[in-house]
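The values are calculated or read from the model by the stated rules, or taken from the named source; none is laboratory data. All values derive from a computational prediction rather than experimental measurement. Positions of Cβ are generated from backbone atoms using ideal geometry, with glycine treated the same way; all protein chains shown enter the neighbour counts. Keep in mind that these areas ignore ligands, DNA and RNA; they rest on the heavy atoms of the full protein, side chains included. Shrake-Rupley method; radii C 1.70, N 1.55, O 1.52, S 1.80 Å.
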Amino acid sequence: MRGVIALTGATGFIGSALARRLIQEEWWVRALYRSPSPPLHLAGLSPEWVRGTLEDRDCLEALVGDADVVIHCAGALRGITAADFYQANVEAVSRLASIAASRNPAPRFLLISSLAAREPELSPYAASKRMGEVALSKVSDQLSWTALRPPAVYGPGDRALLPLLRLMLHGIAPIPGCKDARFSLLYVEDLAEAAVKWLTGEVREKRAFELDDGHPQGYTWHEVVETFERLRGRRMVYCQIPESILNLAAGLNKTAASVIGYSPMFTPGKVRELRHPDWVCDNGPFRRVVDWTPKVRLEEGLRLTLGL
Ligand SMILES: NC(=O)c1ccc[n+]([C@@H]2O[C@H](COP(=O)([O-])OP(=O)(O)OC[C@H]3O[C@@H](n4cnc5c(N)ncnc54)[C@H](OP(=O)(O)O)[C@@H]3O)[C@@H](O)[C@H]2O)c1
């Protein structure tokens, strides 16, 4: 066994991929879950489960225990107001980091942040991811830490992007972003691999690193449509959705969420993120300090995600 990793978010899309990869690499994974029983889809991998929430300091103390590394991947991705994101994306970072810093020796700390943190003014989610990084940097003297800023992550098990990807596979492409917008993408297993390589490397600088699949200058929506056309062997029907329609739909969703009481993903803040023209990453600084090379480009990643 290489050592003990305390992991949050292991029941989610990215965290479960991380847990699987870390266990394969013979790390002992101690993972937080909050549902009444440990999740079945990871049961075969047998992480050591600790039940509790990010809000419960005692649970987090038990989770961190004598760990060599803490990976904080849990996060809030749905919500309307700043308060909806603050607990999981900011306070929990402070709480976990202060617990880690109190240990002697202190475990290394990896935060799964987001490229959204680069543009905190766009949405409460983006602001919370930046504040999470700031919270971590406040314990800089006592911890060796790194934050990773992935762009949109996709892969098997992703619930957020799958409906759009399935629709595109059926030949319909409703394009929510601007025509000339460029954005990076990252296949989930490449993100897990980045974490694995970070574990075995030595990163001295305490900072956030952007990660992407290495496609130069990211993708345009047109390139995404072309990729689907190659996968389907047929032309697509695509249309640019006007910003006014997106705003109307997001506003209605926000109102419905407030009335019925669910946490929405598609909000006016998400529209501002979607309409942002530049979500292109530079993974150069990370690759200069960690021996990591992303392997999966969009066409192969879509095949793997959609089971083609
Ligand atoms: N998906 C992307 O494209 C993307 C891109 C960039 C960055 N990120 C970041 O990556 C991280 C994981 O995202 P994801 O897509 O895997 O999201 P996800 O599938 O929604 O998973 C979120 C995880 O966080 C846990 N969690 C949330 N609040 C919690 C709380 N109060 N107590 C305990 N656990 C809590 C969830 O537990 P339950 O299962 O119990 O709900 C789940 O395990 C997030 O920090 C996100 O900001 C995601």
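With all protein chains in place and ligands, DNA and RNA left out, the 1.4 Å accessible area ranks 170, 72 as 170, 72, largest first. Against the compact-protein benchmark of 2.2 N^0.38 Å, the Cα-based radius of gyration of the range 156-231 scales to 1.36. Could you tell me which of rounded, prolate or oblate describes the range 1-157, using a ≥ b ≥ c as the square roots of the eigenvalues of the alpha-carbon gyration tensor, with rounded for a/c under 1.5 and, failing that, prolate when a/b is larger than b/c and oblate otherwise? Oblate, because a/c is 1.5 or more while a/b does not exceed b/c. Helix content alone sets the calculated 222 nm mean residue ellipticity of the chain: runs of n ≥ 4 DSSP H residues at -39500 (n - 2.57) each, divided across all residues, give -12000 deg cm²/dmol. For the chain, the solvent-accessible area works out to 46 Å² per residue, with a probe of 1.4 Å and every protein chain left in place. To put it simply, the accessible area of the range 168-308 at a 1.4 Å probe is 55 percent carbon and sulfur. Phi angles of the range 232-245 translate, via the Karplus equation with coefficients 6.51, -1.76, 1.60 and θ = phi - 60°, into HN-Hα couplings of 8, x, 8, 5, 10, 9, 10, 9, 7, 7, x, 4, 4, 5 Hz per residue; Gly and Pro are given as x. Bridgeable aspartates and glutamates around residue 254 (alpha carbons under 14 Å apart, same-chain partners fewer than 8 residues away excluded): 84. Phi angles across the range 267-273 convert, under the Karplus curve 6.51 cos²θ - 1.76 cosθ + 1.60 with θ = phi - 60°, into 3J(HN,Hα) values of 10, x, x, 5, 4, 4, 5 Hz, Gly and Pro given as x. Ligands, DNA and RNA left out, the 1.4 Å accessible surface of the range 1-130 is 51% carbon and sulfur atoms. For the chain, averaging the sequence separation of C-alpha pairs within contact (under 8 Å, six or more residues apart) and dividing by the residue count gives a relative contact order of 18 percent.
Here the translational diffusion coefficient of the range 205-269 follows from Stokes-Einstein with Rh set to the Kirkwood radius across Cα pairs; for 37 °C and 0.692 mPa s it amounts to 211 µm²/s. When 1, 131 are compared by accessible surface with a 1.4 Å probe, the order from highest to lowest is 1, 131. Taking 37 °C and 0.692 mPa s as conditions, the chain diffuses translationally at an estimated 164 µm²/s according to Stokes-Einstein applied to its Kirkwood radius (Cα pairs). All other residues whose Cβ lies under 14 angstrom from that of residue 125 are scored, Lys and Arg at +1 and Asp and Glu at -1, for a net of +3.
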